[in-house]
Amino acid sequence: MHQPTTEARPCLYFRYEVFQPWLASLHGKQDRKKVVVVGAGPAGMVTALELARHGVASVVLSSELQLSEGSRAICFTRRSMEILQQVGVAERMTKIGLPWRFGNSFYRGHQVFRMQAPHDPDDRFHPIINVQQQYLEAFLHEACQANPLIDFRWGNKVKRVENRDDHAWLEVDTPGGSYWLESDWVVAADGGRSGIRSAMNLHMEGASYEGLFVIADIQIDLPLPTERLAYFDPAWNPGNTILMHREPMGIWRIDYQLPAGETPEQALRPESLKARIDAQLAMIGHAGQPWVMDWSSVYSARTLTLPEFVHGRVVFTGDAAHLLPIFGVRGANTAFQDAQSLGWHLAFVVKGLASPALLANHSAERVGAAREIITEAGKSTRFMAPPSRGFRLLRDAVLSLSLSQDFVRPLYHWRTSRPHAYTHSRLNCAEDDNRLFTHGPAHGEPPQNVRLGDDDFLLDHLGGGFDLLYFTDATAIPQALSRVIAKARAQGLPLRLTAVGAAQPVEGADNTLADADGHLRQRYGMTVQGGGYLLRPDQHICARWQHLDAKGLQAALNTALPQ
């Protein structure tokens with residue numbers, strides 16, 4: 001019988017709540033569910049909220065009775081915040097978080113590189129914001145609780161999943177005994193040590209690196225800005241790397257690489273932690289500064305992915321689908337993009353708007369994204385923690401040259417996580433005008449946000465289904481286009497038309513954005529009237545035209561949602 005701990009996790013800055021377990025004995029006979037999400041971390045909860053946004057109910061199972069232990073993921077990118085805005089928690093993240101855009105690299109006491117992430121007035125969110133994962137999970141959990149389409153069950157551990165032809169069976173253990181749950185689909189979001197992945201005997205592809213890092217969150221008052229700090233080959237930890245980040249609530253994250261041969265158990269001894277943290281503080285000029293340990297752990301860098309995310313009626317997402325190193329803030333940020341993609345693909349299948357074959361597109365796109373990230377992350381990982389003597393010689397040469405040679409310093413860049421572009425997606429329309437554009441978001445790219453007013457941005461007006469941006473200063477949408485849109489809606493397709501450019505509301509449009517100064521049109525590369533962009537439910541571009549007609553729109557819809 002599953003017995004999760006009922007003792008609240010200790011933390012200096014966050015009050016953990018222990019929730020009551022969901023027990024089958026207190027509920028009636030369980031009917032078949034549409035979707036069961038196994039795992040209540042960020043990937044699982046964002047998936048459930050995305051499904052609900054598309055009108056699909058789900059059950060979320062958490063084996064624990066409280067949120068995850070420790071700060072874990074702390075750096076969230078602009079694109080992640082745009083996704084979190086869709087599920088209703090971005091504002092709370094912004095209020096508590098610490099934004100930043102600069103990263104500094106030091107070698108033997110000298111600053112050798114300063115990274116600057118791009119940021120302009122059209123961006124609602126900063127390039128990166130630091131928030132401890134417990135707060136993110138608390139905000140997501142409250143959003144799940146408030147949503148009537150989400151059945152959240154604490155203390156429910158999945159023991160077994162059986163694939164059937166058109167559904168799956170799950171054996172779920174609780175403090176009150178086991179029960180069986182039947183579901184059309186199962187989302188495996190049960191983390192890097194996924195029990196479902198192991199039980200199904202699925203194997204990841206890629207590499208694991210031998211270098212180990214300690215994460216140490218300490219409460220300390222340091223008069224330093226919110227910027228990423230990286231120290232290479234420091235005197236107290238020769239040949240290794242140290243990272244520092246400021247977190248909310250007076251917490252600092254210190255990640256330091258362990259010397260070869262040291263075990264995690266040895267590294268996490270209080271005397272070892274104290275000696276190394278004191279040495280790091282002394283190196284940056286704050287020797288003797290009082291501090292208190294909040295949480296510590298050990299991790300290794302891995303670049304692994306399942307070659308397929310869909311296995312029968314089970315779909316893997318987040319760390320259950322891939323394992324990525326923290327360098328470049330890739331873990332949780334990639335999971336959000338997984339969840340956003342999975343949410344609409346799976347919702348359209350559940351609602352009968354597409355066949356299960358649509359999920360093969362989700363798998364292909366997100367496996368492609370994982371492999372692209374692995375390629376980039378591998379470069380960062382090999383620089384941060386060289387896996388062989390050859391890589392270490394190369395890294396050390398770069399470090400040495402950087403003291404005097406400017407040309408090598410950009411090699412310190414940690415290749416920050418960026419949203420994947422589905423450039424070669426089969427959902428992109430091959431018959432549009434993509435090649436005629438000189439700028440603006442292209443096939444498969446996420447949208448470019450644009451400031452429309454003091455607190456009004458383009459992405460505030462999009463989301464929930466397919467979006468058609470139609471650029472016109474006419475008083476009405478052409479009837480032929482309106483007929484195509486009406487036909488699609490009659491078939492159940494959520495499709496919203498936003499007219500851009502007209503001073504007054506445009507007849508036939510769901511919304512009109514005046515764009516008096518032409519700034520939005522300029523950012524989207526529109527030089528004439530009558531052009532358009534078609535955005536998928538995850539807001540990635542699947543078609544764009546300089547001249548949009550009914551035939552072109554119908555072709556794009558047929559491609560983006562094949563029957």
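Annotations for the structure displayed:
- Normalised convex hull volume, the range 209-303, alpha-carbon set, Å³ per residue: 105 Å³
- Pairs from the table (LYS34/LYS159; LYS33/LYS551; LYS34/LYS551) lying more than 27 angstrom apart at Cα are LYS33/LYS551; LYS34/LYS551.
- Highest to lowest packing among 302-313, 57-68, scored as the average C-beta count within 10 Å: 57-68, 302-313
- log₁₀ of I(q)/I(0) at q = 0.30 Å⁻¹ - the range 436-480, Debye sum with one point per alpha carbon: -1.17
- Extreme residue, positive dipole direction of the range 434-560, given options VAL500, THR559, PRO447 (C-beta unit charges): THR559
- Using alpha-carbon coordinates, inclination of helix 358-384 to the longest axis of the chain, degrees: 30 degrees
- Ordering GLU262, GLU50 from the fewest to the most neighbouring beta carbons within 10 Å gives GLU262, GLU50.
- Packing-based exposure ordering (other Cβ within 10 Å, fewest first) of ILE96, ILE129: ILE96, ILE129
- Mean separation of Cα contacts under 8 Å, 6 or more apart, over the residue count of the range 419-563: relative contact order %: 33 percent
- Cα-centre dipole for the chain with unit charges at Cβ (Lys and Arg positive, Asp and Glu negative), debye to 20: 820 debye
- Kirkwood's formula applied to the C-alpha pairs of the range 1-98 gives a hydrodynamic radius of 15.9 angstrom.
- Using the Cα coordinates of the range 223-376, the gyration tensor eigenvalues translate into equivalent-ellipsoid semi-axes of 41, 16, 13 Å, sorted from longest to shortest.
- Calculated from the alpha-carbon coordinates, the range 149-251 shows an Rg and a Dmax of 21.8, 60 Å respectively.
- Cα pair count fraction exceeding 34 Å, expressed as % - the chain: 44 percent
- Per residue, the average separation of C-alpha pairs within less than 8 Å and at least 6 apart gives the chain a relative contact order of 14 percent.
- Going from the fewest other Cβ atoms within 10 Å to the most, the residues LYS487, LYS551, LYS34, LYS29 appear in the order LYS29, LYS551, LYS487, LYS34.
- Cα extents of the range 428-563 along the three principal axes, largest first (Å): 42, 29, 26
- Using the empirical formula 2.2 N^0.38 Å as the baseline, the Cα radius of gyration of the range 125-174 reaches a ratio of 1.68.
None of the figures in this text is laboratory data; all of them are computed from the coordinates on show. Here the structure is a predicted model, which is why all the values come from computation and not from measurement. When we count neighbours, we look across all protein chains shown, and the Cβ atoms used for this are built from the backbone with ideal geometry, even at glycine.
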